[in-house]
1. Given the stretch 3-191, what percent of its DSSP beta bridges are antiparallel, to the nearest 5?
2. Just flag the GluC sites (Glu not before Pro) in the stretch 92-192 sitting in loop per DSSP whose Cβ has no more than 13 other Cβ atoms within 10 Å.
3. For the chain, what does -39500 (n - 2.57) per DSSP helix run (n ≥ 4), summed and divided by total residues, give at 222 nm, in deg cm²/dmol to the nearest 500?
4. All other residues with a Cβ under 15 Å from the Cβ of GLU170 taken together, and with Lys, Arg as +1 and Asp, Glu as -1, what is their net charge?
5. With a cut-off of 8 Å between alpha carbons and a minimum separation of six or more residues, what is the relative contact order of the chain in percent?
6. Provide the FRET efficiency to the nearest 0.05 for the ALA104-SER51 pair, computing r from the beta carbons and using R0 = 25 Å.
7. As an exercise, use a Förster radius of 25 Å and the Cβ-Cβ distance of ARG32 and VAL93 to find the FRET efficiency, rounded to the nearest 0.05.
8. Restricting things to Cα coordinates, could you compute the convex hull volume per residue of the stretch 3-191 in Å³?
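Just so it is clear, none of the values below were taken in a lab; they were calculated from the coordinates. Here the structure is a predicted model, which is why all the values come from computation and not from measurement. Positions of Cβ are backbone-derived with ideal geometry, glycine not excepted, and every protein chain shown enters the neighbour counts.
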Amino acid sequence: MLIQDKILDIYKKHDALLEGHFLLSSGLHSDRFLQSALIMQYPHIAEKVVSELADQMYDVPFTTVVSPAVGGIRFGYEFGRLLKKRAIFTERVNEVMTFKRGFALEPGEKVVIAEDVVTTGKSTKECMDAVIAAGGDVVAITCLVDRSNGVAQFDVPFYPLLQIDVSVYEPGDCPLCKKGLEVVKPGSRNIK
Ligand SMILES: [Zn+2]
């Protein structure tokens, strides 16, 4: 079985990838729902999933993994653990991605950014800016899921574990609503 299919199976088994008609927290509707935290809640399964990426990126020279909080923290931790690297994270302070908690980088420290889901690439780029502002050097970006449909582009190598297309619709212009499909809120009990 292909690695992508194996990982997709794990996502589906844990309801981390749902297909149907969903109401997102943004108010928009979508045909798929992704929640990597549902994988990351089981450390032994997180290890299995992240080890695929750790294998792919074994030769990338870096010393530190940096993740944007909150979604990327567990992924970054597991990725750093498997490759025996330091794992730190950025947080928003007044909307700006910042290192807190005494986290710091050496000048020119080689960094891989680890994000759970890349939707537009915006928070990834903000995390890159924080690394550069702190004196670090971003050598690659990785994520569990790239759902940007090719929109997210970076000027360093990009290693997504999965690439999944997700269609998002305004509620007034949603083909799934027009088909009469009931819209469900992910996480609610009527989802199965
Ligand atoms: Zn709809």
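1. Working: 11 of 33 bridges.
Among the beta bridges of the stretch 3-191, antiparallel pairing accounts for roughly 35 percent.
2. Within the stretch 92-192, the qualifying GluC sites (Glu not before Pro) (loop, at most 13 other Cβ atoms within 10 Å) are GLU95, GLU182.
3. Values: 6 runs with 56 residues, N = 192.
That comes out to -8500 deg cm²/dmol.
4. Working: positive: LYS178; negative: ASP31, ASP173.
That works out to -1.
5. Numbers: 346 pairs, mean separation 41.8, N = 192.
Here the relative contact order equals 22 percent.
6. On the way: r = 29 Å, r/R0 = 1.14.
After rounding, the FRET efficiency stands at 0.30.
7. Details: r = 32 Å, r/R0 = 1.29.
After rounding, the FRET efficiency stands at 0.20.
8. Details: hull volume 24.0 nm³, N = 189.
It is 127 Å³ per residue.
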